[in-house]
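Chemist: Here it is, the structure, as structure tokens.
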Amino acid sequence: MAEQDLYNKIMELAKRRGFFWPSYEIYGGVAGFYDFGPYGVLLKKRIIEKWRKYIVENHSNYVVEIETPIIGPSKVYEASGHVASFTDPIVTCTKCGRKFRADHLIEDKLDIDAEGLSPEEMTKLIKEHNIRCPVCGGVLGEVKLFNLLFPTQIGPYEGNKGYLRPELAQGMFVAFKRVLEVMRGKLPLGIAQIGRVGRNEISPRQAMMRLREFTIMEMEYFIDPEDPDGSCPFYSKVEDEVLRIRTYEMKVRNEPPKEFTVKEAVESGVIIHKCLAYWMVVAKKFLNSLGVPDENMFFDEKGPHERAHYSSQTFDQMVKVSRWGWIEVAGHSYRGDYDLSRHMEYSGVDLTVFKPYEKPIKVKVKKAFIDKAYVGRRFKSEAKKILMEAAKIPEEKLIEAAERGTGITIAGYEIPAEAIKVVEREVKVTGRKFIPHVVEPSFGTDRIVYVAFEYSYREKAGRTILSLPRDVAPVQAGVVPLVEKEEALREKAIELYNLLVDNGFYVIYDDTGSIGRRYARMDEIGVPAVFTIDYQTLEDGTVTMRDRDTWKQVRLPFNEAPNALRRFLYDGVDIHELGTPVTVEGDGEG
RNA sequence: GCGGCGGUCGUCUAGCCUGGACUAGGACGCCGGCCUGCCAAGCCGGAGGUCCCGGGUUCAAAUCCCGGCCGCCGCACCA
């Protein structure tokens, strides 16, 4: 299969040229961990930089970035639900050794809700109902818990349990109060973070697609649930953009993804919130900018049972790769107020947001009182007891008893309706308190690095070219003297190298081997432009600039190189706009 | 975790079935020299290997057997 070869070619190139490779190689390797090498680090760094531009900097009035620890105390992950929900009850077949989700087996066979049962209870159910291995029919063993959190210990005391974070989100939720304060209490507020997470996957595979430790780029976008319009000030800019979406219903009916304009998707309820739709558009454009065309990308809605415990709607952003078909590169979830509510509950700290009204409003509020004079006259010494009991009764009940004329029984004494006084009072309210809702776009950086690699891999004239988008190419330019051993050319080349470095570029200089070999090396690591110093440079001070993708060259003055490179890398300018074309032997077709 | 297939210089690979002249061969890459006025050119020289790891069988193991690790594929798992 020619398509399968692409994966092999990429892994081979990545290893050979130093982009990435399996970690701990000299000790035989450990599944689920990958090293990034010199060019891989640069590539990943530039992809992260681009994400930061798309998500944070382009929305700097609303979105900020923070950094929080990789290790968290147990309490945080109890609150988030990970200690409970990130744990799978697993049962092993004693005959064939296959492992199954115990709760799923029980739910399927007995048609009951097995969630929240203890391992002992599940083992008992399996024994009682003689549930067998669904594959080989063998007897099942004890139900054991497997937790995907990496446990650790904070400090020297064993009781002080901690976990490696399985996602970045909790860092933002826990720091929410402080960040909101710093941002002067205003919503919408996006809190972004880029960092490493750990998940103790049972069986990681597929190279960098499923790792035990990886880098996530994530944002929690906090909004007022009652103000969808105000929450998404950028929405109108993207209304006419098109997203390819497969809703859960479409998936069930086995239909392919369909194009929706953002407006259609939001108005028809396909996407439940404008903000979710907006960030999906940004995410789509981000992947476009890394070389993924629209037709190789879509948003896949997760069904109710496929979603995480916190989510009310989730779309997986899927990208097509050669070997595995569609893989998830980002998730877009509506997390509601789940996380902040839980942290309020577990920490006891108020995480609500106060939003003042433009003008304080007057609200008519009904108040109900027991007529103390009546109670005192009527019940004498029992009055005190009755009134204390009455204070515990919810106000609505008293109002109801009075308005329906039924009266109420308190501490065994009948209080007639006439003894309950209801008054309407005007109260001034200056704003409201609420728990913000959260829209979360979350990206798997390492997968995206792989995707960028795959979409830029080209072969031309028997050579490999890594046609990375110019602005994420790890090395931005090369400088070479035309021939190896000519001192005058080398001096001039070093001078150009220094000029480019001083202008902030990442440049490599290479004077070994034939000129063709050096161009080939640069193409293979994706250097977008190579400047060549030739004999004409010594005569008229011009250099040539070569485009990695077309192999076309232009000639331009030495001192204009930095500016030309800037326009070439960041403005996407065609090489022909940067100088006068050069025709050389072997140009183009090599 | 289960089943199948695989693991040999930096990379790709020959050898393994049928154990011994394998001191593990080749290609590409890398390094040095000559040459070279624009696309992996040529010539000469060189460095580079725990044959994945451990154990066993044998006079003798890259080769056969067992266990482990790692990779790929299928199953399961992937809040």
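Chemist: Can you tell me which of (1) of a type in the set (S, T, N, Q); (2) in a helix (DSSP H, G or I); (3) within 15 Å of RNA strand B (Cβ to nearest atom) is the one residue A:92 doesn't meet?
Modeler: (2)
Chemist: Just to check your reading of the model, which residue among A:211, A:117 is touching a Pro at 6+ places or on another chain (Cβ under 9 Å), closer than 30 Å to residue A:345 by Cβ and not hydroxyl-bearing (Ser, Thr, Tyr)?
Modeler: Values: A:211 fails: closer than 30 Å to residue A:345 by Cβ.
So the residue among A:211, A:117 that is touching a Pro at 6+ places or on another chain (Cβ under 9 Å), closer than 30 Å to residue A:345 by Cβ and not hydroxyl-bearing (Ser, Thr, Tyr) is A:117.
Chemist: Quick check: is even one residue across the stretch A:211-225 under 30 Å from residue A:323 (Cβ atoms), among the acidic types (Asp, Glu), at pLDDT 90 or above and under 16 Å from the mean Cα position of the chain (by Cα)? Can you show your working first?
Modeler: Keep residues of the stretch A:211-225 that are under 30 Å from residue A:323 (Cβ atoms), which gives A:211-219.
Checking which are among the acidic types (Asp, Glu) leaves us with A:213, A:218.
With at pLDDT 90 or above added as a condition, the list becomes A:213, A:218.
Then drop every residue that is not under 16 Å from the mean Cα position of the chain (by Cα), which leaves A:213, A:218.
Yes, there is a match, as at least one residue in the stretch A:211-225 is under 30 Å from residue A:323 (Cβ atoms), among the acidic types (Asp, Glu), at pLDDT 90 or above and under 16 Å from the mean Cα position of the chain (by Cα).
Chemist: Residue pairs, Cβ under 7 Å, 6 or more apart or interchain, first in the stretch A:510-526 and surrounded by fewer than 19 Cβ atoms within 10 Å (Cβ to Cβ), second among the polar types (S, T, N, Q). List them.
Modeler: Sorted first by the residue in the stretch A:510-526, then by its partner, the pairs are A:524/A:464.
Chemist: Name the residue that is surrounded by the most Cβ atoms within 10 Å (Cβ to Cβ), counting only residues in the stretch A:301-341 that are within 14 Å of RNA strand B (Cβ to nearest atom) and part of a helix (DSSP H, G or I).
Modeler: The qualifying residue surrounded by the most Cβ atoms within 10 Å (Cβ to Cβ) is A:339.
Chemist: Going by the conditions given, is residue A:544 within 9 Å of RNA strand B (Cβ to nearest atom), hydroxyl-bearing (Ser, Thr, Tyr) and touching a residue at least 12 places away in the same chain (Cβ under 8 Å)? First the steps, then the outcome.
Modeler: Values: within 9 Å of RNA strand B (Cβ to nearest atom): yes; hydroxyl-bearing (Ser, Thr, Tyr): yes; touching a residue at least 12 places away in the same chain (Cβ under 8 Å): yes.
For residue A:544, the condition - within 9 Å of RNA strand B (Cβ to nearest atom), hydroxyl-bearing (Ser, Thr, Tyr) and touching a residue at least 12 places away in the same chain (Cβ under 8 Å) - is met.
Chemist: Could I ask something else about it? Select from the stretch A:248-300 the residues that are touching a strand residue (DSSP E or B) at 6+ places or on another chain (Cβ under 6 Å) and in a strand (DSSP E or B) and list them in ascending order.
Modeler: Matches in the stretch A:248-300: A:259, A:260, A:261, A:297, A:298, A:299, A:300.
Chemist: Which fully enclosed strands (runs of 3 or more DSSP E) of the stretch A:115-189 have 3 or more residues being touching a strand residue (DSSP E or B) at 6+ places or on another chain (Cβ under 8 Å) and not β-branched (Val, Ile, Thr)? Before you say what the answer is, go through the steps one by one.
Modeler: Numbers: elements: A:140-147, A:151-153, A:161-164.
Ranges flagged: A:140-147, A:161-164.
Chemist: OK, next. Within the stretch A:429-445, track down each residue that is closer than 19 Å to residue A:286 by Cα and touching a Lys or Arg at 6+ places or on another chain (Cβ under 8 Å).
Modeler: Initial filter on the stretch A:429-445 (closer than 19 Å to residue A:286 by Cα): A:439-445.
Listed by number, the residues that qualify are A:439, A:440, A:445.
Chemist: I've got another one for you. State whether the residues of the stretch A:569-588 include one that is in a strand (DSSP E or B), more than 23 Å from residue A:39 (Cβ to Cβ) and near RNA strand B (Cβ under 10 Å from one of its atoms).
Modeler: For the stretch A:569-588, residues in a strand (DSSP E or B), more than 23 Å from residue A:39 (Cβ to Cβ) and near RNA strand B (Cβ under 10 Å from one of its atoms): present.
Chemist: Within the stretch A:513-526, is there a residue that is more than 9 Å from RNA strand B (Cβ to nearest atom), assigned to a loop (DSSP other than H, G, I, E, B) and under 20 Å from residue A:43 (Cβ atoms)?
Modeler: Yes, because at least one residue in the stretch A:513-526 is more than 9 Å from RNA strand B (Cβ to nearest atom), assigned to a loop (DSSP other than H, G, I, E, B) and under 20 Å from residue A:43 (Cβ atoms).
Chemist: Being buried (at least 20 other Cβ atoms within 10 Å of the Cβ) and within 11 Å of RNA strand B (Cβ to nearest atom) is the filter here, so list the residues in the stretch A:554-566 that pass it.
Modeler: Residue satisfying the conditions is A:554 alone.
Chemist: Scanning the stretch A:1-52 for residues that are of a type in the set (Val, Ile, Thr) and closer than 30 Å to residue A:65 by Cβ, which turns out surrounded by the fewest Cβ atoms within 10 Å (Cβ to Cβ)?
Modeler: First pass over the stretch A:1-52, keeping only residues of a type in the set (Val, Ile, Thr): A:10, A:26, A:30, A:41, A:47-48.
From what's left, closer than 30 Å to residue A:65 by Cβ: A:41, A:47-48.
Working: A:41: 15, A:47: 26, A:48: 18.
Result: A:41.
The values are calculated or read from the model by the stated rules, or taken from the named source; none is laboratory data. Just so we're clear, the structure is a prediction, and the values are computed from it rather than from any experiment. No Cβ is skipped: glycine too gets one built from the backbone with ideal geometry, and neighbour counts run over all protein chains shown.
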